[in-house]
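The values are calculated or read from the model by the stated rules, or taken from the named source; none is laboratory data. Since the structure is predicted, the reported quantities are computational estimates derived from the model, not experimental observations. Because the Cβ atoms are built from the backbone with ideal geometry, glycine has one as well, and the counts that use them run over all protein chains shown.
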Amino acid sequence: MAKKFSYLAIVFVCFLIVKSSLYPPLPKATNPFYLYSNQIQVDLKRVMVTAIHSARRSIFLQIYGLTDPELIALLQKKKDEGLDVKVYFDPSGSRQSLPSYATPIHCKGLMHKKILVIDEEKIFLGTANLTPSSLHFHSNVVLGIHSPLLAHHFSHSSSPGGLFNIGGIRMETYQLPDPRGVALSRLCQCLDEAKNEIRLAIFTFTHPPALFL
């Protein structure tokens with residue numbers, strides 16, 4: 001009996017793992033935060049497919065690199081279904097032959113944002129581009145958030161920053177470029193005020209004001 005129970009437990013755990021990989025959970029009002037990372041064996045491509053597939057009204061996407069064929073086809077499918085689909089991309093990191101509704105952003109630097117907003121209530125932002133290499137091979141992290149206010153801020157507001165309370169957690173957002181240096185000033189302030197520890201996950205960290213506090 002004990003062996004049978006152990007076998008069933010293993011099967012059940014395997015089932016949960018497979019289900020989670022095929023249908024990753026999305027943020028919702030009762031659980032507004034999810035952290036996804038391929039460093040903890042989360043399929044970021046599947047997260048993005050699930051998020052876009054879940055859209056019923058609108059999709060807002062700001063992205064540096066958009067080359068994944070399946071995701072491009074899924075965005076087109078949602079557009080054909082009548083959803084309000086807005087895509088803004090950097091031509092230097094994306095396909096030149098994206099659908100006509102996708103708008104290239106030309107600026108002095110890179111349009112390096114990675115923000116996906118679904119139905120003006122769910123937000124996915126982080127380090128991953130929507131490219132095969134970024135989703136499968138590079139170490140990336142995506143934060144899923146359920147917040148209509150934050151979703152509206154990203155998809156409609158021209159304000160460079162905002163303060164939000166989501167699930168009892170205070171959040172600050174700053175969008176770059178920031179000519180006035182508000183974001184950098186606030187970052188340096190937070191680093192300088194730290195009392196116990198600082199945890200940082202970043203690709204490059206070279207800006208002198210933040211390095212030499």
Legend entry - Evaluation of T50 against (1) buried (at least 19 other Cβ atoms within 10 Å of the Cβ); (2) among the polar types (S, T, N, Q); (3) assigned to a helix (DSSP H, G or I) (one fails), failing number: (1)
Inset, instruction - Please identify the pairs in which a residue from region 202-213 that is modelled with pLDDT of 85 or more has its Cβ atom under 8 Å from the Cβ atom of a residue that is not in a helix (DSSP H, G or I), counting only partners at least 6 apart or on another chain. - result: F203/T127
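Quick check on L135: is it hydrophobic (A, V, I, L, M, F, W, C) and in contact with a Lys or Arg (Cβ under 6 Å, 6 or more places away or on another chain)? Steps first, answer last, please.
On the way: hydrophobic (A, V, I, L, M, F, W, C): yes; in contact with a Lys or Arg (Cβ under 6 Å, 6 or more places away or on another chain): yes.
Yes; evaluated as a whole, the condition is true for this residue.
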Inset, instruction - Spot the failing condition for A73; the list is (1) of a type in the set (G, A, S); (2) under 15 Å from the mean Cα position of the chain (by Cα); (3) not in a loop (DSSP other than H, G, I, E, B), and only one is missed. - result: (2)
Legend entry - Unique residue being closer than 30 Å to Q41 by Cβ and either more than 13 Å from the chain's Cα centre (by Cα) or among the hydroxyl-bearing types (S, T, Y) (or both) when the list is D80, D84, D68, D178: D68
Legend entry - Of all residues in region 94-112 being touching a Phe, Trp or Tyr at 6+ places or on another chain (Cβ under 7 Å) and surrounded by 18 or more Cβ atoms within 10 Å (Cβ to Cβ), the one that is farthest from S58 (Cα to Cα): M111
Legend entry - Scan of region 94-130 for residues that are among the small types (G, A, S), assigned to a loop (DSSP other than H, G, I, E, B) and in contact with a Leu (Cβ under 7 Å, 6 or more places away or on another chain), ordered by number: S94, A128
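Restricting attention to region 127-150, which residues are surrounded by 20 or more Cβ atoms within 10 Å (Cβ to Cβ) and in contact (Cβ under 8 Å) with a residue 60 or more places away in the chain? Explain how you work it out, then say what you get.
So in region 127-150, the residues surrounded by 20 or more Cβ atoms within 10 Å (Cβ to Cβ) come out as 128-131, 134-135, 140, 142, 144-147, 150.
Correct list: A128, N129, L130, T131, S134, L135, N140, V142, G144, I145, H146, S147.
Residue-by-condition table, conditions (1) outside any helix (DSSP H, G or I); (2) surrounded by 14 or more Cβ atoms within 10 Å (Cβ to Cβ); (3) out of contact with any strand residue (DSSP E or B) (no Cβ under 6 Å at 6 or more places or on another chain):
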{"residue": "H153", "(1), (2), (3)": "no, yes, no"}
{"residue": "F164", "(1), (2), (3)": "yes, yes, no"}
{"residue": "D178", "(1), (2), (3)": "yes, yes, yes"}
{"residue": "L184", "(1), (2), (3)": "no, yes, yes"}
{"residue": "L187", "(1), (2), (3)": "no, yes, yes"}
{"residue": "C190", "(1), (2), (3)": "no, no, yes"}
{"residue": "E197", "(1), (2), (3)": "yes, no, yes"}
{"residue": "T206", "(1), (2), (3)": "yes, no, yes"}
{"residue": "P209", "(1), (2), (3)": "no, no, yes"}
Inset, instruction - Would you check if E172 is without any contact (Cβ under 8 Å) to a residue 60 or more places away in the chain, under 27 Å from D119 (Cα atoms) and loosely packed, with under 14 Cβ neighbours inside 10 Å? - result: yes
